[in-house]
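First comes the structure, then the notes that go with it.
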Amino acid sequence: MRLRFLLPAAVLVVLIVLFAFGLQHDPREVPSPLIGKPAPDFALRVVGEDTPFSRDDLLGRPLLVNFWASWCLACRVEHPLLMELARQGVEIVGIDYKDTDADGLRWLERHGNPYRHIVADERGSAGLDWGVYGVPETFVLDANGTIVHKHIGPIDEQAWRRTIQPLLTTAPARAATETR
Amino acid sequence: MIPELGHFAMLAAFAVAVIQFVVPFAGTWKREPRWMAVGASAAQAQFALILIAYACLTWAFVERDWSVAYVAANAHSQLPLMYRISAVWGAHEGSMLLWMLMLTGWGAAVSVFSRSLPRDVQAQVLAVLGALCIGFLLFMLLTSNPFERHFPVPEDGRDLNPLLQDPGLVVHPPLLYMGYVGFSVAFAFAIAALIGGRMDAAWARWTRPWTTSAWLFLTLGITLGSWWAYHELGWGGWWFWDPVENASFLPWLVGTALIHSLAVSEKRGLLKSWTVLLAILAFALSLLGTFLVRSGILVSVHAFATDPARGVFILAFLGIVLGIAFSLYAWRAHRFVADGEFALLSREGLLLLNNVFLVIAAAAVLIGTLYPLIVDALGLGKISVGPPYFNAVFLPLTAPLAVLIGLASVIGWKRAGRSEVLRRLRWPAVLAVVGGLALPWLVEQKLLLVAAAGGMLALWAMLMALEEPWRRWRARGAAGLTQMPRGIWGMTLAHFGIGLWVLGVTFVSLYSIERDVRLGPGQSTDLADYRFELLRVEPFSGPNYDADRAVVEITRDGRHIAELYPEKRLYRAQGSVMTDAAVEHSPLRDLYVALAEPLDNGEWAMRVYVKPMMRLVWLGGVLMALGGVLAASDRRYRLARMLRESATVPGGATA
């Protein structure tokens, strides 16, 4: 047996080790350093109004913070699901990212508004602090304003049922134990 | 009842697969012809059983049996019948069943068409195929049963992924799978050669038509996939270097190398262990493709619903199958010694070079595809590898291939005379250079050096492909052409197809123009010599979607060219939005219009493209596949069988 004939088998072993590693990691998951940390502070205003809106308005109950924009195609993909969640009573705060008030409001008028509060982030400053690098992105916050989870891209049924919903329902309990 | 019948047929097929694996193998061990013969009947029985299972699943789709979870997840009551039938392979479980149908189909075909093989070789080949069936059936029965019931029964299905509701996608997966799975036959032949320690001209001759058939299906499948992406994704691209596209391209590259090295092994008795390795690799890369698509370890637009259990299973299966194959190779391949000597200026020398370039290209694509995973595994962060890498690496590797192709027919086996070769390629070379310089000027009125180079390579490949028929015609007139073997016709056609493909790729990548515009009804935009006018946008209802459909008129110097109807569709059941681009095409150019987004007061954001010679890219692919059909049906592959039959039937037809 000559060594060069063993080469394919050796390459195979390396590849299998690599794939075994790959199976344990989700390539879509970009780790966010903010998980488990308090949500970054911001001072914005409500879309179409001068009412200020800041981090304090997010405290007291678990909720979803959804970065979206009227110019964002993928936001339309997740939109029907957000509407459905809003109907079920899930509180979603929408942050209109790098968008004008007029465009944002017109978009919501046309497609429906799933948001309890709509916040304007015209220059994307809050998005920068929160580490958003493409809309839509959705953050799950517990009652203390801690980021428990970040979802990149449109939310789908599977992500909602497997990850986000369980987090939302356990978030208050965890918050309670932490304060104790 | 029907879904249970299907499930039962799958279980029965599993039992038969075990028999197909064990009995013929034991037969070759014990030299017991009756045991060896079991392989053929088992292969046919298994095909029949999987066909029953497949029919049962199709029936469940046609009858809208929502109690079957897979049907409910991938169909809808308003889904048209054609798409209900094609929805069978619309997601993971059903596409595995289609995969099995084809695997057993190839097995049955081997059992029928390879009767002329020595008994023990046929038994071993069928046993290997049986072993593969065991693995895939086990995978389906344990992790991906398409017949699983689901209670309570939903009122309606969740509909087929709208991306898959397109005629192109109806046929794309079956063709691709035919190709992937088809390489299992070459793989089985390679394993049989390694076990038996025999690898001669006869072996190469048996393996060639099977390899070519698998390759031609793969070629068609990839071509069609590219055509579909162009029409359906709405941004004018036709190849994205997406991991899953690469997964289909890798076996194609290696399969192409295999076809050529098989020729060397048959005619000259050289490159034997290399050929066997390629046969294993082609199938290994097909398996790898399956793994990448279905495990979700790479980010891709072709996402199947992923499930870690499936990934682990396929990885284990891959490890076992390829581990055994490569171990056998390491143990036995040194026995395959060359029968002749090797000269570089000879057909076998050229084919060796062709193999080197194809395999390096495949390696480059493989590395690019897996690189994000490697970087992540080494803890260096998350990256993605895009078209710039692949284009930069792949194009320089294909240019020498185009040069080599041209030499295929003028350089003979063993050792070619230099002066004779030069005499034959003199005129085509001059023509190619002149034509290559002239083409960009004639077609686009703008000379780019790269375009001229691409044009030269393309013309060179095409002209030289015609060299052999031309020479035969000059020597013997029409008789020279009609008597040309199909194998040579196949080569001519496939090489001509490559030339067309190179021409298309060159022009479409260098001379395409596009524009994003904002148009209201009655407004127009000019691109190249064409005027695109948006006449109106009207609502339109399909069977299971609602759409905004634009009517766009294209004129050139006031002359009407075409009216196009691009659509933006909203599929009701899943609420997903899809772009359906509209294209007007001629061999020289495509005019492509896609609706992007509705804006205010009836205006739309639109994309318009003028893409010269786009069609040639696919026409080239189709010609290559047709060449494959001709080559695989060459009569010398059937000769052995005909001889045998005429010998057994007294007074039968003479071969």
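No lab work stands behind these numbers, since they all come straight from the coordinates. Since we're looking at a predicted model, the values are computed, not measured. Cβ coordinates were reconstructed from backbone atoms using ideal geometry, including for glycine residues, and neighbour counts include every protein chain displayed.
Taken over the alpha carbons of segment A:34-179 as equal point scatterers, the Debye sum produces base-10 log I(q)/I(0) values at 0.09 Å⁻¹ of -0.24. Just so you know, the Cα atoms of chain B work out to an Rg and Dmax of 26.5, 84 Å. A simple spin-label model places pseudo-atoms 7 Å from Cα toward Cβ; at B:Glu32 and B:Glu341 they are separated by 5.0 nm. Take the Cβ-Cβ distance between B:Trp473 and B:Val403 as r, set R0 to 30 Å, and report the resulting FRET efficiency rounded to the nearest 0.05. My answer for the efficiency is 0.75.
The value of relative contact order for segment B:1-160, using C-alpha pairs under 8 Å at least six residues apart, is 37 percent. Give, as ranges by residue number, the residues of segment B:23-54 whose backbone N falls under 20 Å from the point 7 Å along Cα→Cβ of B:Arg115. What the label zone holds, given the 20 Å backbone N cut-off, is B:24, B:33-48. Taken over the C-alpha atoms, segment B:514-615 has Rg and Dmax values of 13.7, 44 angstrom. Ranked for footprinting exposure by Cβ neighbours inside 10 Å, fewest first, B:Phe342, B:Phe183, B:Phe151 give B:Phe151, B:Phe342, B:Phe183.
Among the lysines, select those whose C-alpha is under 17 Å from the C-alpha of A:Lys37, and discard any that sit fewer than 8 residues away in the same chain. Once the sequence-local lysines are set aside, what remains near A:Lys37 is A:Lys150.
Convex hull volume of the Cα atoms of the protein assembly as shown, normalised per residue: 199 Å³.
The residues A:Met83, B:Met456, when put in order of fewest to most other Cβ atoms within 10 Å, stand as A:Met83, B:Met456. Assuming charge only on the beta carbon of Lys and Arg (+1) and of Asp and Glu (-1), the dipole of the protein assembly as shown about its Cα centre is about 4940 debye to the nearest 20.
Dipole of chain A computed with +1 at Lys/Arg Cβ and -1 at Asp/Glu Cβ about the Cα centre; of A:Val140, A:Ile92, A:Phe19, farthest Cα towards the positive end is A:Phe19.
For the pair segment B:90-113 and segment B:546-590, the centres of their Cα atoms are 37 angstrom apart. For A:Ala39, the residues whose amide H sits under 5 Å from its own are A:Thr146, A:Ile147, ignoring neighbours fewer than 5 places away on the same chain, with H placed 1.01 Å from N.
The tail of the calculated P(r) for segment B:532-592 beyond 18 Å holds 42 percent of all Cα-Cα pairs.
Amide H contacts of A:Ala69: A:Tyr97, each under 5 Å away and 5 or more positions distant or on a separate chain (H built 1.01 Å from N in the peptide plane; Pro and chain starts excluded). Based on alpha-carbon atoms, the Kirkwood radius and the radius of gyration of segment B:156-236 give Rg/Rh equal to 1.21. Based on the convex hull around the alpha carbon atoms, segment B:236-288 presents an average projected area of 4.0 nm². Global size of segment B:1-160: 17.6, 59 Å for Rg and Dmax (C-alpha atoms, Rg to one decimal, Dmax whole). If R0 is taken as 22 Å, the Cβ-Cβ distance between B:Val356 and B:Ser633 corresponds to a FRET efficiency of 0.15. When A:Tyr97, B:Tyr511 are arranged by Cβ crowding within 10 Å, least crowded first, meaning fewest neighbours, the order is B:Tyr511, A:Tyr97.
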